[in-house]
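The values are calculated or read from the model by the stated rules, or taken from the named source; none is laboratory data. Everything numeric in this text was worked out from a predicted model, so none of it was measured. We place every Cβ from the backbone using ideal geometry, glycine too, and count neighbours over all the protein chains shown. Heads up: the accessible areas ignore ligands, DNA and RNA and are worked out on the full protein's heavy atoms, side chains in. Shrake-Rupley method; radii C 1.70, N 1.55, O 1.52, S 1.80 Å.
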Amino acid sequence: MAMKLLKVADYAEMSRQAADIIIKQVKEKPNAVLGLATGSTVLGVYRELAADHRQHGTSYRLVRTVNLDEYVGLDPDHPNSYRYYMNQHLFAQLDIPLHETHVPDGLAADLDEECRRYERLIDELGGIDLQLLGIGRNGHIGFNEPGTPFSTATHVVELTELTREANARFFPSLDDVPRYAITMGIATILRSRRIVLLASGEEKADAMARLLEGVVTPDLPASALHLHPDVTIIADCEALSLIPKEKRRVDAP
Ligand code: F6R
């Protein structure tokens, strides 16, 4: 199993290390295809990328991006859509042409066709060079909830109550959280050439302990990553707090 674990002190250190990996990837391959995520965990990474772009001029002019997922039924201008989040937090801060950034279309009239189009798009781009992932409290990746077969491609999912509750903090009320989403499947994610998964905070400790136990099971979608040859996990102390003490040493300063 080729899973590399970088133990870091805190959220800031996790964000810097992840940003460094992405910046290096873009410098090595200026037309890299980046797979991106939304949520709280990756916000610090996007802040780092924006700061580096401003200060050091790393260019994203030739980069292409594909996002993991999008809510069904939210307009791209809706402040809670993942398209809006990406434009706000990352794309507007970089020199990437907006038409080279891709997010599933949650308003597509034919959602199944949209899923097939998204898979074709990833293939046409030449596949994902580097996929950035967060992890759900229940071990989900993208919106692939426990029980999702590892063979799934991009598909429509009904969100679990736990995920809807976790995301409700961004909406006026739980009722406003969409019930469906489009997500890259686990098979889609595993086709990426390299994967970086981030975890910060105590609420991720249980999922991380299960992930690092090494048992590969659809009950913990992130455990599919054990089947991939090039995965880097960057996790902070709190996210690793349920791992036995002797394995919990902080490697990074
Ligand atoms: C977001 C996504 C999700 C999140 C996960 C963690 O595009 O695919 O799997 O990465 O739910 O969310 P946060 O970072 O908000 O804890």
What residues have an amide H closer than 5 Å to that of residue 131, excluding those fewer than 5 places away on the same chain, when H is modeled at 1.01 Å from N in the peptide plane?
-> 35, 194, 195, 196
Give or take rounding to whole Å, what are the principal axis extents of the alpha carbon atoms in the range 1-109, in descending order?
-> 42, 28, 28
Evaluate the charge dipole of the range 69-204 about its Cα centre and quote only its size in Debye, nearest 20, assuming +1 on the Cβ of each Lys and Arg and -1 on the Cβ of each Asp and Glu.
-> 500
Of the DSSP beta bridges with both residues in the range 124-253, give the percent that are antiparallel, rounding to the nearest 5.
-> 35
At residue 124 and residue 4, where each label point lies 7 Å from the Cα along Cα→Cβ, what is the point-to-point distance in nanometres?
-> 3.3
Cα-based count: Lys pairs in the chain below 17 Å, eight or more positions apart or different chains?
-> 6
At q = 0.14, 0.17, 0.24 Å⁻¹, the log10 of I(q)/I(0) for the range 182-231 from a Debye sum over equal Cα scatterers comes to -0.36, -0.54, -1.01
For the chain, divide the Cα radius of gyration by the Kirkwood radius and give the resulting Rg/Rh value with two decimals.
-> 0.94
Cα centroid separation - the range 162-199 against the range 1-62, whole Å = 19
Around residue 237, which amide H atoms from residues at least 5 apart in sequence, or from another chain, sit under 5 Å from its own amide H, with H modelled in the peptide plane?
-> 8, 10
Computed over the range 95-253, the relative contact order (Cα-Cα under 8 Å, seq sep at least six) in percent reads 25
Each label point is 7 Å from the Cα along the Cα-to-Cβ direction; what then is the distance between the points at residue 28 and residue 213, in nm?
-> 3.3
To the nearest 10 square angstrom, what accessible area does residue 52 show with a 1.4 Å probe?
-> 20
Residue-wise, which Karplus ³J(HN,Hα) couplings in Hz belong to the range 62-72, taking 6.51 cos²θ - 1.76 cosθ + 1.60, θ = phi - 60°, and x for glycine or proline?
-> 9, 6, 10, 10, 10, 8, 5, 7, 7, 5, 7
Fraction of beta bridges assigned by DSSP in the range 1-153 that are antiparallel (%, nearest 5) | 10
Amide H contacts under 5 Å for residue 65, restricted to residues at least 5 apart in sequence or on another chain and with H modeled in the peptide plane, are 34, 101, 102
Taking θ as phi - 60°, what are the ³J(HN,Hα) couplings along the range 154-171 by the Karplus curve (6.51, -1.76, 1.60), each to the nearest whole Hz, with x for Gly and Pro?
-> 3, 8, 8, 10, 8, 6, 6, 4, 4, 5, 5, 5, 5, 8, 4, 4, 8, 10
Restrict the search to the range 58-146; then list the chymotrypsin sites (Phe, Trp or Tyr not before Pro) that DSSP places in a loop and that have at most 11 other Cβ atoms within 10 Å of their Cβ.
-> none
Output the peptides 235-244, 210-219, 3-12 sorted from most to least packed, where packing is the average of other Cβ atoms within 10 Å over each peptide's residues.
-> 235-244, 3-12, 210-219
Within the chain: Cβ-based charge dipole about Cα centre, in debye rounded to nearest 20 (Lys, Arg +1; Asp, Glu -1) = 960
